[in-house]
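Worksheet: the structure to be examined is printed underneath.
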Amino acid sequence: MLAMETFGEDNSHPPILIVHGLFGSGRNWGVIARRLAKDRRVVTVDMRNHGDSPREETQDYPAMADDLARVIDEIGGTAQVIGHSMGGKASMVLALAHPDKVARMIVADIAPVAYAHTQSHLIEAMQALDLAALDTRSDADAALAEAVEEKSVRAFLLQSLDVRGKAWKLNLDVLEREMKKITGFPEVSGTYDGPVLFLAGADSDYVRSEHRARIKALFPEARQAKIPGAGHWLHAEKPREFEAAARAFFEI
């Protein structure tokens, strides 16, 4: 079972399940989870090989979708789902494989397609750090800056560093080995006919016009919207706007 954290106590509606992206964890979504939990029960998870969840030998989407299905069984049998990036792909495969478990879904800044980019360079940068020589997060940031120029990206990655324990809370070896599966998208069949919102950052190029046909083929009731001024990490860059979109779509 994936590690999870629950916010709020409402049991009159399906809970909202939040599924993070690559190199993330449930705690990345704490602010939005707490705000939505004023009106709904919200559950965040750490995906396999991330955070406090079990270390596994695979990181493919069918396996990740099965992980999520088990979580939903544990929290009530059906859920409203928010999935970002890798978590969005896992959520899409979940909805296609287990449509009865997903009441409605927000897919945040990702499409059901394979991407050409890779994040292996970030794994290499994390693996290259001499963790034994680092005493503070500032030390780690300075060391990581040699390979990762963007301060915001370093800050995001370092959320998964246990400085005191001298360890990454990521299974970097498996994530590196499975990177093609993570950036890809599996062969799938069927459709999910429930409500889906593909919510993108207006400054991101992850969801493009040429993806619309594929989106509609798998998710006939899909709607698309963009958050102005937001990039790929739209929930972190524009949390209030993301929350407002989620509240409107989930009818909170």
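Values computed for the structure shown
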quantity	calculated
From the options E210, E178, residue that is of a type in the set (D, E), at negative phi and surrounded by 19 or more Cβ atoms within 10 Å (Cβ to Cβ)	E178
Selected residue [in contact with a Lys or Arg (Cβ under 8 Å, 6 or more places away or on another chain), among the aromatic types (F, W, Y) and closer than 24 Å to A222 by Cβ] from Y61, Y115	Y61
Condition check for P62: more than 30 Å from V148 (Cα to Cα) and touching a helix residue (DSSP H, G or I) at 6+ places or on another chain (Cβ under 9 Å)	yes
Segment 213-247: number of residues that are surrounded by fewer than 17 Cβ atoms within 10 Å (Cβ to Cβ) and out of contact with any Leu (no Cβ under 9 Å at 6 or more places or on another chain)	11
Residue count, segment 122-142 (criterion: surrounded by fewer than 18 Cβ atoms within 10 Å (Cβ to Cβ) and assigned to a helix (DSSP H, G or I))	11
Enumerated strands (runs of 3 or more DSSP E) restricted to segment 1-56, each holding at least 3 residues that are open to solvent by 20 Å² or more (accessible area, probe 1.4 Å), modelled with pLDDT of 95 or more and farther than 13 Å from H84 by Cβ	4-7
Close pairs from segment 107-123: first on the phi > 0 side of the Ramachandran plot, partner open to solvent by 30 Å² or more (accessible area, probe 1.4 Å) and not in a helix (DSSP H, G or I), Cβ under 6 Å, at least 6 apart	D109/Y206
Segment 152-176 residues that are closer than 24 Å to T58 by Cβ, paired with ones that are among the β-branched types (V, I, T) and open to solvent by less than 20 Å² (accessible area, probe 1.4 Å) (beta carbon under 8 Å, 6 or more apart)	L157/V148; L172/I123; L175/I123; L175/I182; E176/I123
Residues of segment 89-121 that turn out to be in contact with a Leu (Cβ under 8 Å, 6 or more places away or on another chain), part of a helix (DSSP H, G or I) and among the charged types (D, E, K, R), as a count	1
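The values are calculated or read from the model by the stated rules, or taken from the named source; none is laboratory data. Because the structure is predicted, anything quoted here is derived from the model rather than measured. Cβ atoms come from the backbone with ideal geometry, glycine included; neighbour counts cover every protein chain shown. Heads up: the accessible areas ignore ligands, DNA and RNA and are worked out on the full protein's heavy atoms, side chains in. Shrake-Rupley method; radii C 1.70, N 1.55, O 1.52, S 1.80 Å.
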